[in-house]
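Take a look at the structure below.
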Amino acid sequence: MTSMVPAQQTELTVAGGEEQHQYLTFSLGGDMFAIGILHIKEIIEYGTLTTVPMMPEFIRGVINLRGAVVPVVDLAVRFGRRRTEISRKTCIVIIEVQSGDGKQDIGVIVDAVSEVLEIPLDEIEPAPSFGAKIRVDFVAGMGKLEGGFVIILDVDRVLSVDEIALITQAGDQGAAAPER
């Protein structure tokens, strides 16, 4: 697996002191999403995943990334959609998220990575309270682009290590409960 995009600095100050933020954009199920580039560690080709029994459906498995076990999340399933169909453009974006005791790397499956864009703060609208195809708390904002919007994800909520752990524990408890 080869690295395609290194992590880069996110905030740039341009002429006039206006801050801009850089985002990695990607497609998933026909929609365009963005994640702040500071969360991105690398992008790798989709390869073989090792499935782990008793995991929530949105956790597709784990990969070995330079000796570290990294869980891989199917974002489409996390958003309540159908499982991502794997194609030759499918890749895994390695994202660093905050967890209670430090940082955790998590891989997310995306249909295709698009580009790194700079979106000025004044071009980012608040998350809509309705109409989004995903949970509102997963959306950090809507970035205005020529011809439309890109959904800017709140990575720490979408990939909340604590929430994923609770879901996994609930699944474990459900599986351990005796059948009646």
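Derivation of every value follows stated rules applied to the coordinates shown; laboratory data play no part. Note that this is a predicted model, so its numbers are computed, not measured.
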Amide H contacts under 5 Å for V73, placed H, 5+ residues apart: R60, G107, V108, I109
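So how many Lys-Lys pairs in the stretch 19-172 land under 24 Å Cα to Cα, not counting same-chain pairs under 8 apart? All intermediate terms of the calculation are to be shown ahead of the outcome.
Values: K41/K89; K41/K103; K89/K133; K133/K144.
For the stretch 19-172, the number of qualifying lysine pairs is 4.
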Reciprocal of mean inverse Cα separation for the stretch 19-172 (Kirkwood radius, Å): 16.0 Å
Per-residue ³J(HN,Hα) for the stretch 105-110, Karplus 6.51 cos²θ - 1.76 cosθ + 1.60, θ = phi - 60°, Hz, x for Gly and Pro: 8, 9, x, 10, 8, 10
